[in-house]
Every structure is written in C-alpha cells, then in structure tokens.
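Shown next, in structure tokens, is the structure this report addresses.
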Amino acid sequence: MDAKDSSGQARVLISRSALLHNGRTLRRTVGPSVKICAMVKADAYGHGASTVVDALVNFGGQGIEPPAVDAVAVATMEEAADLNGMSGDVPTLILRPVENIYLGRQRQLLEQAISADWTLTIVSLAAAGDVARVAMNLGKRAAVQIMADTGLSREGCPAAHLPGLYHGIESMPSLKLTGLCTHFANSEDSANEYTADQLRRFRSATESFAAANPRLTRHAANSGATFFSKQSHLDMVRPGIALYGVDPTCTPSVERPLRPAMRWTAPLLLVRDVRKGTSAGYGQTWVADRDTRLGLVPVGYADGYLRAFSNRAVMLLHGKPAPVVGRVSMDYATIDLANIPMASVGDEVTVMDADPLSPCSVYKLAEWADTIPYEIFTRIGQRVARVAVEPGEPSAAANLPGQAA
Ligand SMILES: *Cc1c(COP(=O)(O)O)cnc(C)c1O
C-alpha cells in the first residue's frame, strides 16, 4: 500500500486476514464446542468496530466459513447502536450493566436494545424490573444475562445477592435469561491461583441455575484465561486483545502465534536539513549534535501518538528506524533522517508496525509510555482513518469522512 494516495492523512491499516488468523488460533485453543464472543468494545480496541465486525462476520478463508465468531460484545448500548446492524445474525451482548433508565437517553436506547434482541447485562433486581417493564410495554421479551462478581470487585452482582437476582429474573415473564458470566482479575498471569479461585466461586454460585436451565450460556474467560485456564472456557470465551493479535501477557510470544492486525502509517510531510546546534520542538528538548536532516510526520498526541514518546520512540522509513526527536506536539512528531538519505516527501512512514518484533511494535510503544498495548490502541484518535486491507482491496470504513477515494 502506498501512502502517496492517502491525501496526507495518517491511517491505521487493519488486516482482515490477521483478524481471521487470530480467530482461528483462538478456535483451535478452545475446540469446536466452545463459542467465541469477540470483544469489540471501545471501537474494537481502536481498530474500528465496523471494520472488525465486518471481517469477523462476513469474511472466511482457509477452509473456514464465516462467521468466524459466535457473538460480539460491546460495553454500552451506544456502541451496539453504532454497529448499525453490521453483526447481522450474530448475537450482540452489552456488557455494562443496565443502570438507571431515567438518566439521559437510557430509556430510548433500552427500547432499541430490546427491539434489536441485544443481550443486556443485569446486576440488580431494580434494573431487572425496569427492563421487564419496558419490554412489556413493547410487547417483547428482553434477553438478559447476569454478571456475577467473583473477586474483581467491579460491576458484577455480589455472590450473596445472586440467588435473589436469578429467581427474580426467572419470575418476570417479559425477561428471557440467556446467560451467566463473570470476569477475571489476573488471568494473564499463568502462575496466579486467583483465576482458579474465581472460577471455583463462579461454578459453585451458578451450578444449580445451570442445572435447572441447561440452555444458559456460562462464560468467563478473557484472552488470558482462554490461553492459560482451559477449565474456564465453560460454554463461551470472550477474547479481546488476542483477537487483535496481541499476547495477553503484553510481550510477544512464540507459543501463541498471534498476528497484530494493525499497522499505523503516515506520509512524510516535510523534509528539512538543519545545522548542528539547531533545536527542534517545544521546550527545545532536543538539539542537533551534528548537521542532519529532519522529517515531519502528521501524527501528534491528539492522534494518540503520546507525548511520552518524545525523544524515546522510533518510526520506520524504508525499513530503517528513524528516532523521534524533540517533543511530540498535538499534531506533529519530528524524526531524525540522518540514516535514511533516500527519504523524500510523501514516503510512507510506519508509526506502529504490525510485526511483533519490530522496533516500533505496539509492545514497544506501550513500553515507551509505561503502559499496556490496550491503552495505546484505544488512544488512537478519530483523525486517523481506519482502513481495512487484505484479503481484498483496501476499503475505507464507510463512516469516515475525508477519506481519499
Ligand atoms: C474487555 C473485556 C474482555 C476482554 O478482555 P481481553 O483481555 O482484551 O481479552 C472480556 N470480558 C470483559 C467483561 C471485558 O470487559
């Protein structure tokens, strides 16, 4: 792909074949009888939810028929609405529990959710009652699941309240209980015992409900647990980061052959020769210690190219590393082209590479900013176009204005 066609824009290229490869890797890991729910919250971890869902639902290959996953999950009803029906017949789960329906647009979104048959997450009897009443008014049965807290101490229903919530929901005819789930606190650490403890608590808290209602889908595993805790697979797993090709340990792994789906590129906007002693960027944090050549790249912290990368990161140009020099500003980063004499305006700069061992992999970016790949991905700004590539021609996500034709 040639950035010279990209109208001067930074873009993230999303490889459909990498997404499908990661889907197959996860499928092999869980076996044929466990369902896979793709986590596409937060705009599919910054990859572009419609692009990712389209790839996972509509594209096959290597002997596998679409859809590559059995369900998709988002955090909020707004995110589900933004999918615009893209998930087709694949069920959509909303993981953030239903809250006060009299706040803001909640009621309206709830009606949309019930009408569209999205599965809502419930953690309190009050919320169950609200959903039941709205569903009754619509003449529908709302699909709901219960999220149990087993040790993350976040949004789930505390174990002591579970039986009351379960029996309450079962007694409301306009609710249709479809599943029971929980979420792990420390699953990416394969040596940690806490995942097994949480799983034991979840099983014992839900065993009688599952026995009474064998159609309930029980699910718990995120990416870490999918790889490190086979017992936690239950009826369905909910991988996010692994689907995007990043190892849940947040370091590249040779045992788990995941392929990062994202490459972030930008055109070289400007090239300038500077004298020894010239400073570059705000605060004059970098001064040329020799005559050199600088390149300007149109990505800054407003695009999610973090200020923490200043004087630390590298980008790739013609396959060679170019250090980021001076402060990253809101709209620009500057690179030193001393070792890349053939660099010229319009050349494609790789800002984040898809190769896990690249000097500018997402793992490296996370390390430079003292964070994790999840945060690097989800900070990528709205100015950066998401473009799906391979198999098939590059196609811009339909909802992104200003994309080159
Ligand atoms: C985000 C999330 C996941 C996916 O986690 P990964 O570590 O990205 O696999 C699964 N379940 C819940 C409830 C989540 O919030």
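The values are calculated or read from the model by the stated rules, or taken from the named source; none is laboratory data. Note that the structure is a prediction, hence the values are computed from the model and not measured. Positions of Cβ are backbone-derived with ideal geometry, glycine not excepted, and every protein chain shown enters the neighbour counts. Ligands, DNA and RNA are stripped out before the accessible areas are found, and what is left, the full protein with its side chains, is counted by its heavy atoms. Shrake-Rupley method; radii C 1.70, N 1.55, O 1.52, S 1.80 Å.
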How high is the relative contact order of the chain? Use alpha-carbon pairs under 8 Å, at least six apart in sequence, and give a whole percent. 18 percent
Can you give me the accessible area per residue for the chain, using a 1.4 Å probe, in Å²? 43 Å²
Ordered by residue, what ³J(HN,Hα) values in Hz, to whole numbers, does segment 24-30 give under the Karplus form 6.51 cos²θ - 1.76 cosθ + 1.60, where θ = phi - 60° and Gly and Pro are x? 5, 4, 5, 4, 4, 5, 9
What FRET efficiency comes out for the pair Ile64/Ala338, r = Cβ-Cβ distance, R0 = 51 Å, nearest 0.05? 0.65
For Lys276, the lysines lying under 24 Å Cα to Cα, once residues fewer than eight places off in the same chain are dropped, come out as Lys320
May I ask you to derive the relative contact order of segment 119-164, considering only C-alpha pairs under 8 Å and at least 6 residues apart, and to give it as an integer percent? 38 percent
Percent relative contact order for segment 1-138, counting Cα pairs under 8 Å at least six residues apart, stands at 18 percent
In degrees from 0 to 90, rounded to the nearest 10, what is the angle of the helix 49-58 Cα long axis to the longest principal axis of the chain? 70 degrees
Looking only at Cα atoms, what is the convex hull volume of segment 1-115 per residue, in Å³? 134 Å³
Put Lys176, Lys35 in order of accessible area, largest first, 1.4 Å probe: what do you get? Lys35, Lys176
Between Val237, Val384, Val12, find the one with the highest GNM mean-square fluctuation for the chain; connect C-alpha pairs within less than 10 Å. Val384
Given springs between every Cα pair under 10 Å in a Gaussian network model of the chain, which of Ala126, Ala369, Ala142 has the largest fluctuation? Ala126
May I ask you to give the percent of accessible area on the chain that is carbon plus sulfur, with a probe radius of 1.4 Å? 51 percent
So which chymotrypsin sites (Phe, Trp or Tyr not before Pro) in segment 1-106 pass both tests, a DSSP loop state and at most 13 other Cβ atoms within 10 Å of the Cβ? Tyr102
What's the angle, to the nearest 10 degrees (0 to 90), between helix 194-212's Cα axis and the longest principal axis of the chain? 40 degrees
Please grab the % of Cα pairs in the chain that end up more than 39 Å from each other. 26 percent
Take peptides 134-140, 201-207 and line them up by average Cβ neighbours within 10 Å, highest first, as a rough protection proxy. 201-207, 134-140
Near Lys364, which aspartates and glutamates are there with a Cα under 17 Å away, not counting those fewer than 8 places off in the same chain? Asp247, Asp353, Asp355, Glu375
Which value in deg cm²/dmol, rounded to the nearest 500, describes the helix-derived mean residue ellipticity at 222 nm for the chain, given -39,500 (n - 2.57) per DSSP H run of n ≥ 4 and division by the residue count? -8000 deg cm²/dmol
At a 10 angstrom cut-off on C-beta neighbours, averaged per residue, how do the peptides 66-73, 166-173, 305-312 rank from highest to lowest? 66-73, 305-312, 166-173
Top of Glu99, Glu193, Glu348 by mean-square fluctuation, Gaussian network on the chain, Cα under 10 Å: Glu193
Between 0 and 90 degrees, rounded to the nearest ten: what's the tilt of helix 125-138 against the longest Cα principal axis of the chain? 90 degrees
